[in-house]
Amino acid sequence: MSFEKRIYRSDAANCVLCGGARCESVCSVKLPAKILRGIWFDNSRSTAADLPEDNPCINCSASCEEACVRSGRVPIRELIMKLYTDIRSGLDVPAPSDYSRLKADFCGIELENPFLLSSSVVASTYDMCARAFEAGWAGAAFKTICSLDIHEASPRFSAIKGINGEIIGFKNIEQLSDHSVAENMEIFRKLKQNYPSKFILASIMGKDEAEWEELAGLCEQNGADAVELNFSCPNMAEGGLGSDIGQIPELVEQLTRAAKRGCSIPVLAKLTPNVASMIPAGEAAMRGGANGIAAINTIKSITGVNPHTYVAAPAVHGMSALGGYSGNAVKPIALRFVSELAGDNELKGMHISGMGGIETWKDALEFILLGCGSVQVTTAVMQYGYRIIDDLKSGLNYYLAEKGFGSVKEAVGLALDAISDTTDVLERDTVLFPVFDHDKCISCGRCLISCSDGGHSAIELDQYGKPKLIGSRCVGCHLCLIVCPERAIKKAKKRITRKNGIH
């Protein structure tokens, strides 16, 4: 079977993922919105497997496309047809109805699935958490509880966007919960009473050892299942808090030990990525008694500067500040940090709750394969809503079924052995050539430009504007494959040794 065969987000790029989608309201079988979300969140295989046996679009007039808020710009009928003809026809595994393989383990506590809301605005009230739990999230890391007097700036968000408007990178200058400790404890009690099977991870931040200890104890007494120590918020108005702590291993150990004195439930240290390595802080947290690590929090950033006012975004009365960067753009950095933590011999056995740019089930799977037993999400929820849990769960569950896994726990850490912190281990005696699919090629010449100006001048065009490889120059870097807008370039199946004349 081919695990790579799928329909890409760019095929549905004009869809805006409406709430209360008009396309669905006029569809007799209520398919469009679910299918468009499935494609958007890289879940075309599971979505195709769950389609009705008989294709309802064969004799359909595509009224859904007329009803679309971008009428005529989203090829809904064509996408559904492709799911049937290109994806569903090649599937070997039916859509699994059993989701028990998603059950995860969080420091000995069973989760119904590995997906949690991360500590932020998306998990800051009873009503929000309740709606998320009803939608299918396994639990939530509640917005950080503190005794500080929190007053937020306005505005406090900015973003870097893709060509169709989706958020690629997101900056916030938001701080902690603005509810009192007593109000937050009341929320915990109510959530645990009404959702006893859901996981409550209480994020806390104290001003001194006594307060870290006290807050940890209060959270346990009021229903929290575990505590997350916020050593990583980059936006604190007062010095000596948040990421200022996470950069000093001695403080991480000291305050972790204080929190452990206050409670008997599992404790995680949430570490900052604003360091060269998280390992010293991770090992310090372990010495302090932590049961696990949460990583990564947001990265200090500036997302842009207004060329007329000269103020960075978000501008607050003519001033701005460094803020926390998140979203899909930070995922490569997050994966690097969690892989280093998971691969550290001193931290073996520590639970890692991973986060940083997770939007799709495949993003989540990458964290799991690199050692995370649970994953947390915020920015994607802020952009698309709690509803993304449907595709997170169904996509991961379908992948596990295709691969023959009995549990998501079997996938934890499987990619670690193939990761090295140095390139010295890489084989360098063979070349994997690109292969051009001239049927898909539109003769745009992008591959030629990139290879000539950023590669090794190993491409020329034939009389029809189609690319040809100059094998003696090609080093197999695959820049051409990456830049091709039509995905008309693939990897060769066989490597060529340099001894056979490749320079």
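The values are calculated or read from the model by the stated rules, or taken from the named source; none is laboratory data. Small disclaimer: the values here were computed from a predicted structure and weren't measured. Cβ: placed from backbone, ideal geometry, glycine included. Neighbour counts: every protein chain shown.
Could you figure out which of (1) free of Cβ contacts under 8 Å to residues at least 12 places away in the same chain; (2) touching a strand residue (DSSP E or B) at 6+ places or on another chain (Cβ under 7 Å); (3) in the same structural domain as Gln247 (by TED's automatic domain parsing); (4) not hydroxyl-bearing (Ser, Thr, Tyr) isn't true of Arg336?
Among (1) free of Cβ contacts under 8 Å to residues at least 12 places away in the same chain; (2) touching a strand residue (DSSP E or B) at 6+ places or on another chain (Cβ under 7 Å); (3) in the same structural domain as Gln247 (by TED's automatic domain parsing); (4) not hydroxyl-bearing (Ser, Thr, Tyr), Arg336 violates only (2).
Any idea which of Gly471, Gly465 is modelled with pLDDT under 95 and either over 30 Å from Ala49 (Cβ atoms) or part of a loop (DSSP other than H, G, I, E, B) (or both)? Outline the logic, then answer.
Working: Gly465 fails: modelled with pLDDT under 95.
The conditions single out Gly471.
Restricting the search to segment 332-349, which residues are in contact with a Leu (Cβ under 8 Å, 6 or more places away or on another chain) and farther than 26 Å from Asn172 by Cα?
Scanning segment 332-349 gives Ala342, Gly343, Leu347.
Is there any pair linking a residue in segment 148-176 that is closer than 13 Å to Tyr325 by Cα to one that is buried (at least 20 other Cβ atoms within 10 Å of the Cβ) and of a type in the set (Lys, Arg), with Cβ under 8 Å and at least six apart or on different chains, and which?
Final answer for the pair search is Phe157/Lys171; Ser158/Lys171; Ala159/Lys171.
Could you give every pair whose Cβ atoms fall below 8 Å, whose first residue belongs to segment 354-370 and is more than 20 Å from Arg387 (Cβ to Cβ), and whose second residue is modelled with pLDDT of 95 or more and among the hydroxyl-bearing types (Ser, Thr, Tyr), counting only separations of at least 6 or pairs across chains?
Gly354/Ser374; Gly356/Ser326; Leu370/Ser339
Restricting the first residue to segment 56-70 and requiring it to be in contact (Cβ under 8 Å) with a residue 40 or more places away in the chain, which pairs with a second residue that is among the polar types (S, T, N, Q) meet a Cβ separation below 8 Å and a spacing of at least six or different chains?
Within 8 Å, the pairs are Glu65/Ser71; Ala67/Ser25; Arg70/Asn14.
Just one of Gly136, Gly90 is within 20 Å of the chain's Cα centre (by Cα) and either surrounded by fewer than 22 Cβ atoms within 10 Å (Cβ to Cβ) or of a type in the set (Val, Ile, Thr) (or both); which is it? Give the derivation first.
Values: Gly90 fails: within 20 Å of the chain's Cα centre (by Cα).
Result: Gly136 is the single residue among Gly136, Gly90 that is within 20 Å of the chain's Cα centre (by Cα) and either surrounded by fewer than 22 Cβ atoms within 10 Å (Cβ to Cβ) or of a type in the set (Val, Ile, Thr) (or both).
Could you pull out every one of the helices (runs of 4 or more DSSP H) wholly within segment 1-106 that has 1 or more residues that are touching an Asp or Glu at 6+ places or on another chain (Cβ under 6 Å)? Can you show your working first?
Values: elements: 22-25, 32-40, 44-49, 63-67, 76-82.
Once the helices (runs of 4 or more DSSP H) in segment 1-106 are filtered for at least 1 residues that are touching an Asp or Glu at 6+ places or on another chain (Cβ under 6 Å), what remains is 32-40, 76-82.
Just to be sure I understand, how many residues within segment 474-497 are assigned to a loop (DSSP other than H, G, I, E, B), crowded, with 16+ Cβ neighbours inside 10 Å and in contact with a helix residue (DSSP H, G or I) (Cβ under 7 Å, 6 or more places away or on another chain)?
Of the residues in segment 474-497, 1 are assigned to a loop (DSSP other than H, G, I, E, B), crowded, with 16+ Cβ neighbours inside 10 Å and in contact with a helix residue (DSSP H, G or I) (Cβ under 7 Å, 6 or more places away or on another chain).
Only one residue in Ala364, Ala269 is modelled with pLDDT of 95 or more and within 30 Å of Arg45 (Cβ to Cβ). Which one?
Details: Ala269 fails: within 30 Å of Arg45 (Cβ to Cβ).
Matching residue, one of Ala364, Ala269: Ala364.
Please work out which residue is farthest from Ala13 (Cα to Cα), limiting yourself to segment 132-149 and to residues that are part of a helix (DSSP H, G or I) and touching a Phe, Trp or Tyr at 6+ places or on another chain (Cβ under 6 Å).
So the first thing to find is which residues in segment 132-149 are part of a helix (DSSP H, G or I), and the list is 132-135.
Still in the running and touching a Phe, Trp or Tyr at 6+ places or on another chain (Cβ under 6 Å): 132-133, 135.
Values: Ala132: 26, Phe133: 29, Ala135: 25 Å.
Across segment 132-149, the extreme among qualifying residues is Phe133.
Could you say which residue among Ala182, Ala224 is over 18 Å from Ser243 (Cα atoms), within 28 Å of the chain's Cα centre (by Cα) and among the aliphatic types (A, V, I, L, M)?
On the way: Ala182 fails: within 28 Å of the chain's Cα centre (by Cα).
Being over 18 Å from Ser243 (Cα atoms), within 28 Å of the chain's Cα centre (by Cα) and among the aliphatic types (A, V, I, L, M) holds for just one of Ala182, Ala224, which is Ala224.
Can you name the residue in segment 117-144 that is charged (D, E, K, R) and free of Cβ contacts under 8 Å to residues at least 12 places away in the same chain and is also nearest to Ile173 (Cα to Cα) among such residues?
Checked segment 117-144; the qualifying residue nearest to Ile173 (Cα to Cα) is Asp127.
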